[in-house]
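Trainee: Sending over a structure as structure tokens; questions will come in a sec.
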Amino acid sequence: MTCIFADTSYWFALLDKTDEWHDRAVAAQSRLAGARLVTTDEVLGEFLNLVSARANRLRGVAADWVVQAHRASDMLVEVQTRASFDGGLELYRNRLDKAYSWVDCVSFVCMRRRGITDALTRDERFEQEGSVALLRSASP
């Protein structure tokens, strides 16, 4: 089964119909039915924070999505551990020339460890690390 990493920007675009990337996220979701989505607790935490900041009206729905993500059989949510924290921190320290967030770094480490190259994201930082940012390359 093909594994694809699902980033914060994908979850937000899917949830918020007013987001400029919403149509691309919905189209990608349809195209990639049958693929296994992989994300992390760190990404889901960042998603909840983003919803609070930009779409507070959707907080309840966002919380329900996170619960469903943890229960979904076709999705893998990596649990935050000391190793994931430290792995992200190590990459963060090694990329001081980049504007990567710590959550970006945790995501990159997860993707490398699992051999995932495609990410549901609009974030060009994934491309800087050699991944395919599917929302950037897809048309709505």
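Trainee: Considering segment 123-138 alone, what residues qualify as being of a type in the set (D, E, K, R), assigned to a loop (DSSP other than H, G, I, E, B) and over 19 Å from His22 (Cβ atoms)? I'd like the intermediate steps shown before the answer.
Mentor: Initially, segment 123-138 is screened for residues of a type in the set (D, E, K, R), giving 123-125, 127, 129, 136.
Among the residues that remain, those that are also assigned to a loop (DSSP other than H, G, I, E, B) are: 123, 129.
Within segment 123-138, Glu129 is the sole residue that qualifies.
For every residue, the table says whether it meets (1) more than 17 Å from the chain's Cα centre (by Cα); (2) surrounded by 19 or more Cβ atoms within 10 Å (Cβ to Cβ); (3) of a type outside the set (A, V, I, L, M); (4) assigned to a helix (DSSP H, G or I).
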site	(1), (2), (3), (4)
Arg59	yes, no, yes, yes
Ala69	no, yes, no, yes
Asp86	yes, no, yes, yes
Glu90	yes, no, yes, yes
Lys98	yes, no, yes, no
Phe108	no, yes, yes, yes
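Trainee: Can you name every residue in segment 118-140 that is over 17 Å from Ala13 (Cβ atoms), exposed (fewer than 15 other Cβ atoms within 10 Å of the Cβ) and within 13 Å of the chain's Cα centre (by Cα)?
Mentor: Those that are over 17 Å from Ala13 (Cβ atoms), exposed (fewer than 15 other Cβ atoms within 10 Å of the Cβ) and within 13 Å of the chain's Cα centre (by Cα): none in segment 118-140.
Yes/no matrix, rows are residues, columns are (1) modelled with pLDDT under 95; (2) assigned to a helix (DSSP H, G or I):
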{"site": "Phe12", "(1), (2)": "no, yes"}
{"site": "Thr18", "(1), (2)": "no, no"}
{"site": "Ala25", "(1), (2)": "no, yes"}
{"site": "Ser30", "(1), (2)": "yes, yes"}
{"site": "Gly34", "(1), (2)": "yes, no"}
{"site": "Leu37", "(1), (2)": "no, no"}
{"site": "Leu44", "(1), (2)": "no, yes"}
{"site": "Phe47", "(1), (2)": "no, yes"}
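Trainee: So Ser73 clears everything in (1) modelled with pLDDT under 95; (2) surrounded by 12 or more Cβ atoms within 10 Å (Cβ to Cβ); (3) not aromatic (Phe, Trp, Tyr) except one condition, right? Which one?
Mentor: (2)
This table checks each residue for (1) of a type outside the set (Asp, Glu); (2) without any contact (Cβ under 8 Å) to a residue 60 or more places away in the chain.
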position: Thr8; (1), (2): yes, no
position: Asp16; (1), (2): no, yes
position: Trp21; (1), (2): yes, no
position: Val43; (1), (2): yes, no
position: Val51; (1), (2): yes, yes
position: Leu58; (1), (2): yes, yes
position: Arg93; (1), (2): yes, yes
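Trainee: Separate question: Working only within segment 110-122, note down all residues that are in a helix (DSSP H, G or I) and without any contact (Cβ under 8 Å) to a residue 60 or more places away in the chain.
Mentor: Applying the first criterion (in a helix (DSSP H, G or I)) to segment 110-122 yields 110-114.
Residues satisfying the conditions are Arg112, Arg113.
Trainee: Considering only residues that are under 14 Å from the mean Cα position of the chain (by Cα) and among the hydrophobic types (A, V, I, L, M, F, W, C), look in segment 22-48 and name the one that is nearest to Arg125 (Cα to Cα). Steps first, please.
Mentor: Residues of segment 22-48 under 14 Å from the mean Cα position of the chain (by Cα): 25, 28-29, 36-48.
The next check asks that each one be among the hydrophobic types (A, V, I, L, M, F, W, C); those that pass are 25, 28, 37-38, 43-44, 47-48.
Values: Ala25: 18, Ala28: 19, Leu37: 19, Val38: 18, Val43: 15, Leu44: 18, Phe47: 17, Leu48: 20 Å.
Checking each candidate, the answer is Val43.
The values are calculated or read from the model by the stated rules, or taken from the named source; none is laboratory data. All figures in this text were calculated on a predicted structure; none of them were measured in a lab. Cβ coordinates were reconstructed from backbone atoms using ideal geometry, including for glycine residues, and neighbour counts include every protein chain displayed.
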